Each structure stands twice: as C-alpha cells, then as structure tokens.
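One structure is given here, and the rest of the page talks about it.
The values are calculated or read from the model by the stated rules, or taken from the named source; none is laboratory data. Source: prediction; values computed, not measured. Ideal geometry is used to build each Cβ from the backbone, glycine not excepted, and the neighbour counts take in all protein chains shown. Note: areas computed on protein heavy atoms with side chains; ligands, DNA, RNA excluded. Shrake-Rupley method; radii C 1.70, N 1.55, O 1.52, S 1.80 Å.
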Amino acid sequence: MAERLLSEIVGGVLSPGENISERIWAHKYGVAQASIREAINILERDGFVTKESGRSARVVNLSEEDVFQLYQVRAALEGMAGYLAASSGADVSDLQNIVEAMRIASQAHDSKALTDCDLRFHLELCRLSGNGHLLGYAQKLLRPFFAFVRMRVSVSGQGTSAWGQDVEAHQRIVDLIREGEAELTEHYVKRSMTRFASTARMNWLPHDK
C-alpha cells in the first residue's frame, strides 16, 4: 500500500501539501482504512508525508523560501560534518562507492536512483563526522527534504542532466576528506550548497509568486 500511495505522490496524482484521506484511498484500493493508515505511517517515516496531532496526513510540501533556508542550514551542518570527517581521517570508501553509484544513475538518466544516492551520500557524510547528534539532526532534515526533491524532479520532468557538475562536486568532497583537508572541506561543502540551491532554482523548484 505504501508503494502504491508513493506512486500516486511521485506521479503527481497527490500534490505537495494535499490532504490524504484514509477513507477515500481505502475505498479506491478496496482495502481497510487501517491498511492505508499504516501505509501513511511508512511514508511519514520516509519523509514523503507529514502528520500533525489531530489533523489528517498531508503530502510533504516546501516553499521556495523553505528550500533555500534548508540549504543554509545544510551548509552549516554538513560543512561541520566534512570538517570533522577530514580531521579524524575518516574512511571514505562507502562515500566513494555512493559517488560511483551516482555517476551510473546519472548516465542511465535514472532520477529516482540519483536522488536516492544523493540522500545516502549526505547522510553518510554526516555519519562520518562521528557526532551522533549531528547525524540525528541531519536525518530529521534530509529525509523529508529529499522526498520533496524526488517528487519535484519527477513532476518537472527535468531528468538527471542538471546533476552533471553536481556529481563531480560530491567527488571533490570525498577527495578533500581523504586528503585530510578539514578547513577546505568545510568551505567547499558550504560553497557547494550554494550551487546545489542554484541547480534547484533552475530545474525543479516551484517558484513562489
């Protein structure tokens, strides 16, 4: 049920911010409302859905201002993660493997795989910081953020071409950590976030009027 609902979200049938009625979708799929409720709980865990006390679930939605503010927070958080990872001589083998997977996904024009790899990269970067609190905040921020990215990329139909330069930026982050360049890593991650935000603006971000 979660996968079926997710296909409705990513396919644009359910739009960002739209209410998800357990009764309507249970009727549509011919299942009990409890099944839809559990599917919604799964999608909430993965960041595609938000739920507030006493209110129905809604598809995650971020405004243009939300996205750019989140990039500002990410710059500080992930810049620190890069600094700590490089300072400690962290093993970047898993991070390198993710970059290779990103290249393959980009060449295959597989936007779903590419966004999934992108999320994995940034979570792994935060894990390499060795700071559990930093990783905890990153997980809470990045999962819904990338869920929204995946939806917008799918709806915009932009494909993966815009990520060409950004994939190599991820490689540069890996190289700097491997070389132990802590201050340069922090600076480069922060600068990269500005470029990633620009990629979002030009390609998949819905512009506020």
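If we only count helices (runs of 4 or more DSSP H) wholly inside segment 1-48, which ones have 2 or more residues that are closer than 23 Å to residue 111 by Cβ?
So the answer is 2-10, 33-45.
Return the only residue of 62, 14 being modelled with pLDDT under 90, within 25 Å of residue 139 (Cβ to Cβ) and in contact with a Phe, Trp or Tyr (Cβ under 6 Å, 6 or more places away or on another chain). Explain how you work it out, then say what you get.
Values: 14 fails: in contact with a Phe, Trp or Tyr (Cβ under 6 Å, 6 or more places away or on another chain).
Testing whether each residue is modelled with pLDDT under 90, within 25 Å of residue 139 (Cβ to Cβ) and in contact with a Phe, Trp or Tyr (Cβ under 6 Å, 6 or more places away or on another chain) leaves just 62.
Examine segment 30-52 for a residue that is surrounded by fewer than 19 Cβ atoms within 10 Å (Cβ to Cβ), of a type in the set (Ser, Thr, Tyr), under 28 Å from residue 200 (Cβ atoms) and touching a residue at least 24 places away in the same chain (Cβ under 8 Å), and state whether such a residue exists.
Looking through segment 30-52, at least one residue is surrounded by fewer than 19 Cβ atoms within 10 Å (Cβ to Cβ), of a type in the set (Ser, Thr, Tyr), under 28 Å from residue 200 (Cβ atoms) and touching a residue at least 24 places away in the same chain (Cβ under 8 Å).
Looking at segment 154-183, which of its residues are among the β-branched types (Val, Ile, Thr) and either at pLDDT 75 or above or open to solvent by 30 Å² or more (accessible area, probe 1.4 Å) (or both)?
Once the filter is applied, which keeps residues that are among the β-branched types (Val, Ile, Thr) and either at pLDDT 75 or above or open to solvent by 30 Å² or more (accessible area, probe 1.4 Å) (or both), segment 154-183 yields 155, 167, 173, 174, 177.
Tell me yes or no: at least one residue of segment 25-32 is in contact with a Phe, Trp or Tyr (Cβ under 8 Å, 6 or more places away or on another chain) and hydroxyl-bearing (Ser, Thr, Tyr).
no
List, please: which pairs have Cβ atoms under 7 Å, are six or more places apart or on different chains, and start with a residue in segment 95-110 that is more than 26 Å from residue 81 (Cα to Cα) and open to solvent by 70 Å² or more (accessible area, probe 1.4 Å) and end with one that is of a type in the set (Val, Ile, Thr) and modelled with pLDDT under 90?
Filtered contacts from segment 95-110: 109/160.
Of the residues that sit in segment 184-198 and are under 12 Å from residue 67 (Cα atoms) and touching a helix residue (DSSP H, G or I) at 6+ places or on another chain (Cβ under 8 Å), which one is most open to solvent (accessible area, probe 1.4 Å)? Break it down into steps so the answer makes sense when it comes.
Looking only at segment 184-198, we keep the residues that are under 12 Å from residue 67 (Cα atoms), and these are 193-194, 196-198.
Those still in the list that are touching a helix residue (DSSP H, G or I) at 6+ places or on another chain (Cβ under 8 Å) too: 193-194, 196-197.
Numbers: 193: 5, 194: 97, 196: 17, 197: 7 Å².
Ranking the candidates gives 194 first.
Within the set of pairs 6 or more residues apart or between chains, which connect a residue that is within 11 Å of residue 154 (Cβ to Cβ) inside segment 7-29 to a residue that is open to solvent by 60 Å² or more (accessible area, probe 1.4 Å) with Cβ atoms less than 6 Å apart?
Pairs that qualify, where the first residue is within 11 Å of residue 154 (Cβ to Cβ) and the partner is open to solvent by 60 Å² or more (accessible area, probe 1.4 Å), are 12/155.
Could you give me the residue pairs with C-beta distances under 8 Å whose first residue belongs to segment 164-186 and is in contact (Cβ under 8 Å) with a residue 60 or more places away in the chain, whose second residue is outside any helix (DSSP H, G or I) wherever it lies, and which are 6+ apart or on separate chains?
Once the first residue is in contact (Cβ under 8 Å) with a residue 60 or more places away in the chain and sits in segment 164-186, its partners that are outside any helix (DSSP H, G or I) give 174/92; 177/90; 177/92; 177/128; 178/92; 180/89.
From the list 57, 85, 81, which residue is out of contact with any Cys (no Cβ under 7 Å at 6 or more places or on another chain), open to solvent by less than 40 Å² (accessible area, probe 1.4 Å) and touching a residue at least 60 places away in the same chain (Cβ under 8 Å)?
That would be 85, the only listed residue that is out of contact with any Cys (no Cβ under 7 Å at 6 or more places or on another chain), open to solvent by less than 40 Å² (accessible area, probe 1.4 Å) and touching a residue at least 60 places away in the same chain (Cβ under 8 Å).
Tell me yes or no: at least one residue of segment 146-153 is assigned to a helix (DSSP H, G or I), buried (at least 22 other Cβ atoms within 10 Å of the Cβ) and of a type in the set (Lys, Arg).
Yes; the residues of segment 146-153 include at least one that is assigned to a helix (DSSP H, G or I), buried (at least 22 other Cβ atoms within 10 Å of the Cβ) and of a type in the set (Lys, Arg).
Just need a number here: residues in segment 117-139 that are surrounded by fewer than 17 Cβ atoms within 10 Å (Cβ to Cβ) and under 16 Å from residue 154 (Cβ atoms).
Qualifying residue count, segment 117-139: 0.
Look at residue 129 and say whether it is of a type outside the set (A, V, I, L, M), outside any helix (DSSP H, G or I) and farther than 28 Å from residue 7 by Cβ.
Yes.
Report the residue count in segment 60-72 for those that are open to solvent by 60 Å² or more (accessible area, probe 1.4 Å) and assigned to a loop (DSSP other than H, G, I, E, B).
1
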